[in-house]
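Here's the structure we're looking at; comments come further down.
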Amino acid sequence: MGDRKHVVGVVWVMVGMLVLASGPAGAGARWPQFRGAGGLGVAGEGEKPVVEFGASKNLKWKVAVPKGHSCPVIWDDRIFLTGFEKGKLETICINRGDGKVLWRQAAPVQKIERYTSMNSPATPTPVTDGQRVYVFFGSFGLLAYDFEGKEVWRKEMPIGDARHGTAASPILAGGKLIVNGDQEGWKSFLIAVDPKNGQTVWQARRPLFFTSHTTPIYWKRGEVEEVVVAGSVRLVGYDLKDGAERWSCRGLEAVSICPSLAVGEGMVFAMSYSMTEPLPQFDDVVGKFDKNGDGKLSYNETAGIAKDVFTIIDMNHDGVVTKEEWEENLKVFKDAENGVFGVKEPGKGDVTGTAVAWKEKKGIAEIASPLYYRGRVYVIKGGGMASCFEAKTGKAMYLNKRIGADGQYYASPIAADGKIYVASMLGVVSVYEAGAGLKGLAENDVGEAISATPGIGGDCLYVRTNENLWAFGK
């Protein structure tokens, strides 16, 4: 009898190991970070969220939540997100089955960071490993809670000065918690901490990277493990072990990079579209706008792109820009460019001339991230214009074809069961077939603005609007 119990116990242990190894699909409902497992934006095999839904169709529940742009994070029966209301930043845990709020925890914030109307102090999406949930607020730093809402540790960090406010989400990679801290003032950094206690493992300085809002992505190629970040002008791969810069690739804009990355086919895909006007030479601007003749420029003595990026160029924040400051920034700005591109087997150092497999300058989104799915890269931009590229070659399957609602698209596209889901700020979630052609399947109007990327858990789609969290499923 004792031997039989031992054998049964071993079998159950092996079954448990297989379930854990099977990942999100085997677990049934795992969307553990921004854009799901690995940040890929792709549901697990076998997960089939509803295609048609709304306030009176396939609605399981909805619950009012504070405003915020963070995306729903799912682990089995729990959903986590953050919110900002009446000056208070909160982490919220919701029961996935019925939408009831299980707990709320306010962050110990003394001062709210600078942010603009297009953003929120509750934009970074939480990340979970199934034991704890980790949240990052630019107004405080990192916080870790267990699944019952008890604070496990906190790591206070200096309040950043990002152009539109903090937006990059933390990720878990190789047993490390990673945060991108790109900001103004030449103070940008990438940090890895121990998720067990919040202690710093390594920190890499990124002084030449101005404000960006991009979430890092984990990229494993054989024995190589990297954290890749898109920022000013360059895409950079860092060694996950120690944060050392391994390679970089030019091809991005200089300021306010919003789209995060995608990986697939042994490649990483990056995109940016922000600045349309190059930074002129300093002497040209001084000669035209220097009203008091002191050889410097104040904010009121600038116009156009110079005024738009004045707080970046003013490196010491003394209210005036000198020729030295201008030319130091010009070194970065001169290499800025729009586009979506694929990088393969980058090697080490500057790989711009050797690793860029393809690049396209049409069909580029300003905010929503690219999606790799089944051999293709999908993009959704403002106005409901969709594009699709062959991942290996960049060949356009279609370019700027209208799908779905007009308006801006802050939410990134996600995929499940051979379908692409895109959510408009106007509150319409469009569903279309993945493939070389563009075939629309449904237009679902929830009647509330959508800024956050939806999440998928099991056969349910979770849509966070500016007012509620909606659960759609049969």
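Here, each number is a calculation from the coordinates, and none is a lab measurement. Quick caveat: nothing in here was measured; it's all calculated off a predicted structure. We place every Cβ from the backbone using ideal geometry, glycine too, and count neighbours over all the protein chains shown.
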Original post:
Taking other Cβ within 10 Å of each residue's Cβ, how do Arg104, Arg246, Arg376 sort, fewest first?
Top reply: Arg104, Arg246, Arg376
**OP:** With an 8 Å cut-off on Cα pairs and a minimum separation of 6 or more residues, tell me the relative contact order of segment 59-203 in percent.
**Re:** 16
Original post:
Any idea how far apart Ala303 and Val63 come out in nm if each label point goes 7 Å out from Cα toward Cβ?
Top reply: 5.4
Original post:
Under a point-charge model restricted to the Cβ atoms of Lys and Arg (+1) and Asp and Glu (-1), what is the dipole moment magnitude of segment 372-441 relative to its Cα centre, in debye to the nearest 20?
Top reply: 220
Original post:
How do Phe210, Phe136, Phe282 line up, fewest other C-beta atoms within 10 Å first?
Top reply: Phe282, Phe136, Phe210
Subject >> Amide hydrogen neighbours beyond the local backbone of Ala162, cut-off 5 Å, H modeled >> reply: Glu184
Original post:
In this model, which of Lys187/Lys331; Lys67/Lys307; Lys241/Lys344 are farther than 27 Å apart at the alpha-carbon?
Top reply: Lys67/Lys307
Original post:
Hey, how many Å between the Cα centroid of segment 262-306 and the Cα centroid of segment 390-437?
Top reply: 31
**OP:** Work from the charge dipole of the chain (Cβ charges, +1 for Lys and Arg, -1 for Asp and Glu, about the Cα centre) and give the residue of Ser272, Cys258, Asn400 farthest towards its positive end.
**Re:** Asn400
**OP:** Answer rounded, prolate or oblate for segment 74-212, using the Cα gyration tensor with square roots of eigenvalues a ≥ b ≥ c: rounded when a/c is under 1.5, else prolate when a/b is larger than b/c, else oblate.
**Re:** oblate
Original post:
Exposure proxy check: Ser424, Ser274 ranked by fewest other beta carbons within 10 Å?
Top reply: Ser274, Ser424
Original post:
From the phi of every residue in segment 188-198, what ³J(HN,Hα) in whole Hz does the Karplus formula 6.51 cos²θ - 1.76 cosθ + 1.60 yield, where θ is phi - 60° and glycine or proline is x?
Top reply: 5, 7, 10, 10, 10, 10, 7, x, 6, 9, x
Original post:
Can you give the alpha-carbon Rg of the chain over 2.2 N^0.38 Å, where N counts its residues?
Top reply: 0.99
**OP:** Net charge near Ala106: determine it from the other residues with C-beta under 12 Å of the C-beta of Ala106, scoring Lys and Arg +1 and Asp and Glu -1.
**Re:** 0
Subject >> Signed unit charges on C-beta, dipole axis of the chain, positive-most listed residue Trp31, Val340, Ile450 >> reply: Trp31
Original post:
Computed on alpha carbon atoms, what radius of gyration and Dmax characterise segment 282-325, expressed in Å?
Top reply: 9.2, 23
Original post:
For the chain, what is the charge dipole size about the Cα centre, in debye to the nearest 20, if Lys and Arg each add +1 at the Cβ and Asp and Glu each add -1 at the Cβ?
Top reply: 1160
**OP:** Go ahead and estimate [θ] at 222 nm for the chain from helices alone: -39,500 (n - 2.57) per DSSP H run with n ≥ 4, summed, over the residue count, rounded to 500.
**Re:** -3500 deg cm²/dmol
